[in-house]
Amino acid sequence: MQTIGRFAPSPSGRIHLGNIFCCLLAWLSARQKGGRVVLRIEDLDTARCPRRYALQLQEDLRWLGLDWDEGPEAGGERGPYEQSRRTALYRAALERLSAKGLVYPCFCTRAELHAASAPHREDGQIIYPGTCRSLTAEQAEERAGRRAPALRLRVPEEMWSFTDGHMGRYVENLARDCGDFLLCRSDGLFAYQLAVVVDDAAMGITEVVRGADLLASTPRQLYLYHLLGLDPPAFYHVPLLLAPDGRRLSKRDADAGLAELRPRLSAEELLGKLAYLAGFHPSASPRTARELLAEFDWAQVPKTDIRLPESLFNADK
Ligand SMILES: [Zn+2]
């Protein structure tokens with residue numbers, strides 16, 4: 001079976017080192033096996049993801065030498081590769097789940113959920129306490145007259161486990177550790193969990209390489225694969241890059257963004273430094289993405305978050 005990997009960024013700003021780190025590992029992992037790479041723009045929240053960022057992202061990836069075989073411009077038979085143009089597929093999947101009696105409307109606001117002091121997951125998300133799980137049809141109808149509901153998936157009291165290609169075995173009890181999760185927000189936006197499963201399956205993705213912040217969402221996605229009768233890909237979760245002070249790197253860290261880095265560093269310098277942080281390149285010396293194919297080795301990649309050294313990405317030294 002041919003390996004098909006993917007980049008699936010959500011371009012709500014210029015990409016930063018963390019995004020590039022993830023794209024680099026996804027690219028190396030697929031290309032080293034002679035595989036293909038799909039670029040999918042996760043722009044469901046179109047207000048937050050203006051098109052100019054998606055175009056800039058493609059330009060930045062090309063500059064880095066991280067190429068793809070199917071995507072917004074490269075085309076391909078599984079397109080379109082922008083989630084904002086694929087909502088009919090997500091709606092169809094939602095209807096299949098609804099037909100199984102597993103979807104119910106939830107009228108809770110974020111404020112109400114926080115006020116209910118529902119327990120939180122480790123990642124800070126609320127474990128839904130099931131407030132709207134057993135509303136009668138009449139109650140739901142009466143509430144729907146006042147507020148558009150979100151839609152949640154009923155999850156069972158079951159353990160879901162999988163073996164991550166990089167992080168090893170991961171187990172979660174869906175009901176206890178997660179709770180009934182959102183498939184569609186009250187404003188009509190499909191949830192990440194549903195869209196990512198539908199798309200990865202439809203695009204024939206065989207391996208998903210992404211940040212460790214998504215490790216905990218994988219059991220939910222595996223449950224959706226199961227319910228929809230789809231084959232899940234292999235998962236590889238990669239450590240997150242942290243700012244020198246230990247905070248999660250974000251779009252607000254301007255000095256970690258490509259707008260700041262591109263004028264100062266060549267693509268080869270940037271990739272060499274990232275490969276060094278990823279543990280498989282012995283020094284921070286410049287390398288092209290293609291040159292790194294010979295060195296890339298999952299076994300060398302750390303499993304814990306990586307703090308960026310203070311000066312590594314400053315003007316070259
Ligand atoms: Zn609710």
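The values are calculated or read from the model by the stated rules, or taken from the named source; none is laboratory data. A quick note: this is a predicted structure, and the numbers were derived from the prediction, not measured. Cβ placement follows ideal geometry from the backbone for every residue including glycine, while neighbour counts extend to all protein chains displayed.
Miscellaneous remarks
- Hits in the stretch 96-132 (condition: within 15 Å of L182 (Cα to Cα), of a type in the set (G, A, S) and within 15 Å of the ligand (Cβ to nearest atom)): G130
- Among the conditions (1) surrounded by fewer than 20 Cβ atoms within 10 Å (Cβ to Cβ); (2) within 19 Å of N19 (Cβ to Cβ), the only one that F296 does not satisfy is (1).
- The residue list G145, G124, G165 contains one member that is over 27 Å from R48 (Cα atoms), without any contact (Cβ under 8 Å) to a residue 24 or more places away in the chain and not aliphatic (A, V, I, L, M), which is G145.
- From the list A88, A54, A30, the one residue that fits, being in a helix (DSSP H, G or I) and closer than 30 Å to R133 by Cα, is A88.
- When E172, E158 are screened for being away from the ligand (no atom under 16 Å from the Cβ), within 22 Å of G101 (Cα to Cα), among the charged types (D, E, K, R) and surrounded by 12 or more Cβ atoms within 10 Å (Cβ to Cβ), only E158 passes.
- Yes/no for L274 being within 22 Å of the chain's Cα centre (by Cα), under 14 Å from L241 (Cβ atoms) and part of a helix (DSSP H, G or I): yes
- Any hit, the stretch 202-224, residues being loosely packed, with under 15 Cβ neighbours inside 10 Å and without any contact (Cβ under 8 Å) to a residue 60 or more places away in the chain: no
- Residue match in the stretch 264-271 (condition: assigned to a helix (DSSP H, G or I), surrounded by 18 or more Cβ atoms within 10 Å (Cβ to Cβ) and outside the structural domain of R31 (by TED's automatic domain parsing)): no
- Among the residues of the stretch 25-42, those that are without any contact (Cβ under 8 Å) to a residue 60 or more places away in the chain and crowded, with 22+ Cβ neighbours inside 10 Å comprise V37, L39, I41.
- Lone qualifier among D43, D69 - being of a type in the set (D, E) and farther than 22 Å from L214 by Cβ: D69
- Residue ID - surrounded by the most Cβ atoms within 10 Å (Cβ to Cβ), chosen from residues in the stretch 109-143 that are of a type in the set (S, T, Y) and over 26 Å from the mean Cα position of the chain (by Cα): T131
- Restricting the stretch 133-155 to residues that are among the aliphatic types (A, V, I, L, M) and away from the ligand (no atom under 11 Å from the Cβ), the residue that is nearest to K100 (Cα to Cα): L153
- Hits in the stretch 254-268 (condition: in contact with a Leu (Cβ under 9 Å, 6 or more places away or on another chain) and under 23 Å from V209 (Cα atoms)): A256, G257, L258, A267
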